[in-house]
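A quick write-up on the structure given underneath.
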Amino acid sequence: MPRSLPTVSFGPEVVKALLPQRPPMLMVDRIRGLDLAASPPRLLASRYVSANEATVTGHFPQLGLVPGVITVEGLAQAAGLLGRLADAADRWRGDVLADLQNLEHGATLHAGFDRHAGREFLDWLGSRELLHVVGATNIKLVRPIFPGCRLDHTVSLTRRLGLGYRFAVQTEVDGVLVAEGTLGASTVEAAWPP
């Protein structure tokens, strides 16, 4: 998955509109790259890891180390973002990227925010199914991850069949591979309002 992605910048408020997780379990800070027209569709999401996080301070108290399960959860959430956005690209009557940019403008108090369009898109997202990861295959944690870094999660939607999805996933820190594998997911009814 080394090909570069078109750069986008959607912050935490847009991420929270797309995912049900909330801090401290929200493992994605920003969507940094997105290509829904590619074959396969791809997304780059990032998260900054702080030395003050409970999972870091309690994992190995003498050595700040990010638990592997936190990395896998970040990959799963990035896959959930891509699944929702790929679904929106197929089913939403509007322009998904323009609507996401509109939400980002509203969250960052930029001029040009269209409150009506933003609410309509959020209502539509709230009525859609959510993705739940049902399997992690061949996940390899290649290198340890230490606090103070940015995790870059790249996910590709490699297969969609009925309610099932398969994603090729990888995480890099400063361009160095730290984790990779495959995630499987399935859709379920949405049970939360965005």
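Data overview
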| read-out | value |
| --- | --- |
| Residue in the stretch 117-129 that is crowded, with 18+ Cβ neighbours inside 10 Å, part of a strand (DSSP E or B) and either touching a helix residue (DSSP H, G or I) at 6+ places or on another chain (Cβ under 7 Å) or of a type in the set (D, E, K, R) (or both) present | no |
| Selection count where residues are within 22 Å of E13 (Cβ to Cβ) and surrounded by fewer than 23 Cβ atoms within 10 Å (Cβ to Cβ), scope the stretch 36-46 | 2 |
| Residues (open to solvent by 30 Å² or more (accessible area, probe 1.4 Å), closer than 18 Å to E129 by Cα and aliphatic (A, V, I, L, M)) located in the stretch 57-100 | A89 |
| Residue in the stretch 130-152 that is without any contact (Cβ under 8 Å) to a residue 40 or more places away in the chain, over 21 Å from G11 (Cβ atoms) and of a type in the set (K, R) present | yes |
| Residues (in a strand (DSSP E or B) and open to solvent by 80 Å² or more (accessible area, probe 1.4 Å)) located in the stretch 153-194 | R159, R160, L161, R166 |
| Per-region count, the stretch 136-152, residues open to solvent by less than 30 Å² (accessible area, probe 1.4 Å) and either under 18 Å from L19 (Cα atoms) or in a strand (DSSP E or B) (or both) | 2 |
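The values are calculated or read from the model by the stated rules, or taken from the named source; none is laboratory data. Since we're looking at a predicted model, the values are computed, not measured. Neighbour counts are summed over all protein chains in view; Cβ atoms, including those assigned to glycine, are modelled from backbone coordinates with ideal geometry. Side chains included, ligands, DNA and RNA excluded: accessible areas come from the protein's heavy atoms. Shrake-Rupley method; radii C 1.70, N 1.55, O 1.52, S 1.80 Å.
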